[in-house]
Amino acid sequence: MRIADMNWSMVEDWLRRDDRCVLPVGSTEQHAGLGLCVDNILAERVALEAAGPTGVPVFPPVNYGLTAYFMAFPGTITLRPETYAALLGDILDSLASHGFRRVLVVNGHGGNAAASEQVLARARGRHHLQVQWHNWWKAPATRAAFRALDPDGAHASWSENFPWTRLEGVVQPDGGKAVADMVTLDSMTPAQVRKTLGDGNMGGVYQKPDNDMTKIWSVAVQETRDLLEDGWERHAQL
């Protein structure tokens, strides 16, 4: 259930019965012809659909992340790694203070993973929280579904182009682009990244049929739900 649709007493009642919640995290950054908040939209949506049948509360997404490499594209917002780790740490502190003990972080942005270990270590050390960090698009079954459709799908290409991430009136280009060399991009300044990528698509065709995308989405939702329902014991053994 979306936290926005709950009041504090409803949360208190939930915590008498269960100690799970979901925290989506994403980024505000360029996505070529798609909107700047694609990562937030996808992380929140997969979290809500996965949690729906369980009643587990889903908190609002953390809409900003680590994306310094795209700062030459207007509208992109980045945090410093220490700021981001502190922000997530404070959120987890708050959740723990209320009695949440199992938190599924549904991440929609690859750059955020750089801070994940620091965040998880703090959570374990201070509160003994079980925190699962779930990069939804890279989870095994979901990644396999993406690759079965097309192995060439990178940032801002078809792999993030769902009916709910498109902008009204914006027509996606035909064809696609060669996948960019990430090692080379990592050594570039933001201005060089923009010059290399052009519109921001990092490789692959721009759009696939909606039927194909909704099939992949169903896999992603189920894989996320499985973690929320049954992943805690496996996670505790790590």
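Here are a few things to note about the model shown:
- Any hit, segment 40-47, residues being touching a helix residue (DSSP H, G or I) at 6+ places or on another chain (Cβ under 7 Å) and either assigned to a strand (DSSP E or B) or more than 30 Å from Tyr206 (Cα to Cα) (or both): no
- Residue in segment 180-193 that is modelled with the lowest pLDDT, counting only those that are open to solvent by less than 80 Å² (accessible area, probe 1.4 Å) and of a type in the set (S, T, N, Q): Thr184
- Among residues that are buried (at least 21 other Cβ atoms within 10 Å of the Cβ), more than 24 Å from Arg194 (Cα to Cα) and touching a His at 6+ places or on another chain (Cβ under 7 Å), Val105 is included.
- Taking segment 142-173 as the range and being without any contact (Cβ under 8 Å) to a residue 12 or more places away in the chain and of a type in the set (Lys, Arg) as the test, the residues that pass are Arg143, Arg147.
- Within segment 126-179, restricting attention to residues that are among the basic types (Lys, Arg) and farther than 22 Å from Ala114 by Cβ, the residue that is modelled with the lowest pLDDT is Lys177.
- Verdict on Arg194 being outside any loop (DSSP other than H, G, I, E, B), of a type in the set (D, E, K, R) and under 20 Å from Cys37 (Cα atoms): yes
- Single residue of segment 165-179 satisfying the filter (at negative phi and either of a type in the set (Gly, Ala, Ser) or not in a loop (DSSP other than H, G, I, E, B) (or both)) that is surrounded by the fewest Cβ atoms within 10 Å (Cβ to Cβ): Ala178
- Tally, over segment 6-42, of residues that are within 30 Å of Ser159 (Cβ to Cβ) and either in contact (Cβ under 8 Å) with a residue 40 or more places away in the chain or charged (D, E, K, R) (or both): 22
- Checked against the criterion of being in a helix (DSSP H, G or I) and either more than 30 Å from Leu92 (Cβ to Cβ) or in contact with a strand residue (DSSP E or B) (Cβ under 6 Å, 6 or more places away or on another chain) (or both), segment 125-136 has at least one qualifying residue.
- Close pairs (6 angstrom Cβ cut-off, 6 or more residues apart or separate chains): of a type in the set (Asp, Glu) in segment 191-217, modelled with pLDDT of 95 or more anywhere: Asp199/Ala32; Asp210/Pro163; Asp212/Leu149
- Sole exception among (1) modelled with pLDDT of 95 or more; (2) buried (at least 16 other Cβ atoms within 10 Å of the Cβ); (3) under 29 Å from Gln222 (Cβ atoms) for Met1, by number: (1)
- Look at segment 62-83: where a residue is in contact (Cβ under 8 Å) with a residue 60 or more places away in the chain and closer than 21 Å to Ala43 by Cα and a partner is among the polar types (S, T, N, Q) and not in a loop (DSSP other than H, G, I, E, B), sitting 6+ places away or on another chain with Cβ atoms under 6 Å, you get Ala68/Thr78.
- Whichever residue in segment 197-220 is farther than 17 Å from Gln30 by Cα and part of a loop (DSSP other than H, G, I, E, B) and, among such residues, is most open to solvent (accessible area, probe 1.4 Å): Pro209
- Selected residue [open to solvent by 10 Å² or more (accessible area, probe 1.4 Å) and out of contact with any Lys or Arg (no Cβ under 8 Å at 6 or more places or on another chain)] from Ala115, Ala72, Ala43, Ala121: Ala121
The values are calculated or read from the model by the stated rules, or taken from the named source; none is laboratory data. This structure is a prediction, so every number in the text was calculated from the model and none was measured. Neighbour counts are summed over all protein chains in view; Cβ atoms, including those assigned to glycine, are modelled from backbone coordinates with ideal geometry. These accessible areas exclude ligands, DNA and RNA; they are computed on the full protein's heavy atoms, side chains included. Shrake-Rupley method; radii C 1.70, N 1.55, O 1.52, S 1.80 Å.
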